[in-house]
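Let me begin by presenting the structure, written as structure tokens, before commenting on it.
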Amino acid sequence: MIDEPLGKDHERLTSHVAGLIDACEQYSEEQKSSRDRSLNYYNGEMDDLTPEEGRSASVSKDVRSVIKKLMPSIMRTVLSNDKIVDYEPVGPEDEESAEQATDYVNHVVVPECGAEQAIHDAVFDALLVKTGVLKWTAYSRKQIKVYEFTNQPSSALLGLEGEADIDIIALQERPEKDTPDNDLDAQRYDFKLRRIEDQIDIQLEAIPRGAFLIYPGSTRIEESPIVGERQIVTRSELVSRGYDKEDIASLPEYDRIGDEDDSHSRQGDDWSDNRTQTSSAMDSVLIYELYVRLDLDDDGIAELYKMCFAECSRDQEGKHLILAMEAVSDVPYAEVVAEREAHQFEGHSVAEDVVDIQRIKTALLRETLDNIYWQNKKQPALDPSKLTESGIEAVYNPAFGKPITLKSGANVHDAVQWMEVPFVADKSFGMMDYLDNVVRDRTGITDQSGGLDPEAFQGMTATSVQLMSESGIAQAEMIIRSLTRGIRKAFKGLLKLVIAHADEPRTVRLRGEWVEYDPRHWNVDMDCKVNVGLGAGSKERDLTVLQLILGLQKEILASIGADNPFVKPNQLYNVLEKITETAGFPSAEPYFTKPNEEEIAAKLQQEGPTEAEKKLQAQMQLEQMKASAKSGIEQAQMEADIRVQQAELEKDTQIQMMKAQQARELAVMKGELDLLKHREKLQFEREKAGLEAGSLSPFTAGHLYDGT
């Protein structure tokens, strides 16, 4: 069962792994005292506060009380839903697969794999011993079944002897009278068969913290160089898992007395060191199931390997044996913590907040009871000279009706008196109330509502119950939110196992119908979310909120109708289903039927619109007409405004054109006038120049003369 031969590296590898195991065991041992103390305080065993002889030995079991108040609220919040988790599709093509995976895991896998018990135990460990551990795994084992048949014909035996996994362990022929020789089936047989069947069991388990191994300093399981667990199993169990019989026989029998984990503290009344001798196949042996990161191929990258590791027999002390080893991709463990501390693997438990209070209250309780005992049975002060021997005995060991005999002439009041002890027990009551308030302040847990403190908050209706206080809800929701991180991781791993070990489709009965599921086609990378209901409040609070939602849905359906954009029939069914589950019923199927969308659509189309829908349609038509008329008026007004603007624009344009025409005409006239003036000026200058030169012609002179 080893993927690759190790050869000469076997001894070096086993030595390296053994060193990692020793470091993990030492780290676990350092945490053991804290775990044992919480477990002992939970069971009322307080070795660090032993009672005085003859005094009260009462114990105030505050750790047990707080956890018993909180556990029902958490379990109801996580497990009371019809679906513990919802798987979410990775892409659009995974929508249908996600719905199928959600139904199949919640209704088929969860009951078969023991998930509810595992979640309960892991949450309990988280509240009590800091950290719970969930493990998802698939056990492949050989199971032997014996079948008995009576009065069978000889044909029933044909072919059985040739089967490798079937043995006929008993065969008896029935005497028959007047049996024909040629009728083989007339002869009848009684026989037993033993058949070896290969079986794969998918399990979700809670691993005790004392048996879980993680390397010191690791803050996450995925980052630890080694993760695993100590397993105490029988040789028969290991052989059924397929391990070599000779290797298993060489392992030493487990010494329960030298056990180092917290099994002794956990088992309580079930623990006993007196065990009868059994067969060697039922001997218990110690093995380690490990997930180690190793670089066996020297490529510089550490790969993850699953390893079954054990110590050899006592005559081979110091040597170790690798029973199986294979490469894997994931570590199948998830930590479950109630209060996470940053950068630490170990969480904080609720018990840590109460242990010191329990110790103080126990001391106060014992002293209070002792003081009350002193009041009820006072210490006598006597004068032996005035009492007879039988009288002295009667004082020392009083009994109802037993006389105290005095000597002659003695007075009983002079012979016997009782020492008065001050009554101070009432002073302790106030202190114990104060300590109870400290517990409530630290944990947010009270006597009401399964661990949450109710507040007088006004309900929505006259019949509403009181809602929970914000402080109590906040602390409980923080715890549940932290716990569900580990549960979510476990269910993601559980889905991977379901897909990996599905070899054929499976038909199961679900919600009154037979449905076929084929996990082989599902996406292994689908994420999931844990359904925690409405929150961490009480059942009454949840029902009040659901009733409020239901009332709003009814109002919408009554005013608008079934075909509306706010509330669909399947949403109404979801609320009814949640109300049924919150009330404590396992399923809503006996009371409500989940609506079929196709049937609803056909019914709505057949019935036509309701009166409310007709009124709504008429109102919508009227509003549409008003909107259309308003739009027409606005359009006409807009067109008129545009025409006015166009007219004003044309008028401005004409004015500008007239001004431009006038400007052009003035410019022409001015140009002509300037030209005339220029010509006259030139003529004048020529004439003036001729007169100045004296060169007048006869004609000109005579003309001038005649004109004078």
Discussion item. Based on this model, can you work out whether residue 329 counts as surrounded by fewer than 19 Cβ atoms within 10 Å (Cβ to Cβ), in contact with a strand residue (DSSP E or B) (Cβ under 8 Å, 6 or more places away or on another chain) and modelled with pLDDT of 90 or more?
Written reply: yes
Discussion item. So the check is Cβ under 6 Å with 6+ separation or different chains; which pairs have a first residue in the stretch 418-430 that's assigned by TED's automatic domain parsing to the domain that holds residue 381 and a second one that's in a helix (DSSP H, G or I)?
Written reply: 421/374; 423/375; 424/371; 425/368; 425/371; 425/372; 428/364; 428/368
Worksheet item: Counting just the residues of the stretch 204-238 that are among the hydrophobic types (A, V, I, L, M, F, W, C) and assigned to a helix (DSSP H, G or I), which one comes out nearest to residue 128 (Cα to Cα)?
Response: 211
Fill in: Filter result for the condition that a residue is closer than 30 Å to residue 436 by Cα, modelled with pLDDT of 85 or more and of a type outside the set (Val, Ile, Thr), over 370, 383
370
Worksheet item: Looking at 334, 342, 310, which one is closer than 16 Å to residue 219 by Cα, among the small types (Gly, Ala, Ser) and in a strand (DSSP E or B)?
Response: 334
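Show me the strands (runs of 3 or more DSSP E) found entirely inside the stretch 503-580 where at least 1 residues are touching a Lys or Arg at 6+ places or on another chain (Cβ under 8 Å) and in contact (Cβ under 8 Å) with a residue 60 or more places away in the chain.
Values: elements: 506-510, 513-517, 527-530.
Qualifying strands (runs of 3 or more DSSP E): 513-517, 527-530.
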Worksheet item: Cβ-Cβ below 9 Å, separation at least six or inter-chain, first residue in the stretch 307-325 and farther than 19 Å from residue 137 by Cβ and not assigned by TED's automatic domain parsing to the domain that holds residue 15, second part of a helix (DSSP H, G or I) and at pLDDT 90 or above: which pairs?
Response: none
Worksheet item: If a residue has to be surrounded by 15 or more Cβ atoms within 10 Å (Cβ to Cβ), of a type in the set (Lys, Arg) and within 22 Å of the chain's Cα centre (by Cα) to count, how many in the stretch 183-233 make the cut?
Response: 1
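Residue-wise test of (1) surrounded by fewer than 17 Cβ atoms within 10 Å (Cβ to Cβ); (2) more than 25 Å from the chain's Cα centre (by Cα); (3) part of a helix (DSSP H, G or I).
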position	(1), (2), (3)
22	yes, yes, yes
53	yes, yes, no
66	no, no, yes
70	no, no, yes
81	no, no, no
106	no, no, yes
Practice prompt. Could you tell me which numbered condition residue 7 fails, if it satisfies all but one of (1) surrounded by 12 or more Cβ atoms within 10 Å (Cβ to Cβ); (2) at pLDDT below 90; (3) not in a helix (DSSP H, G or I)?
Written response: (1)
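Evaluate the following for residue 393: is it at pLDDT 85 or above, surrounded by 12 or more Cβ atoms within 10 Å (Cβ to Cβ) and out of contact with any Gly (no Cβ under 6 Å at 6 or more places or on another chain)? Even if it seems obvious, please write down each step before you answer.
Working: at pLDDT 85 or above: yes; surrounded by 12 or more Cβ atoms within 10 Å (Cβ to Cβ): yes; out of contact with any Gly (no Cβ under 6 Å at 6 or more places or on another chain): yes.
When the stated conditions are applied, residue 393 passes them.
The values are calculated or read from the model by the stated rules, or taken from the named source; none is laboratory data. Everything numeric in this text was worked out from a predicted model, so none of it was measured. Every residue, glycine as well, gets a Cβ built from its backbone with ideal geometry; the counts of neighbours run over all protein chains shown.
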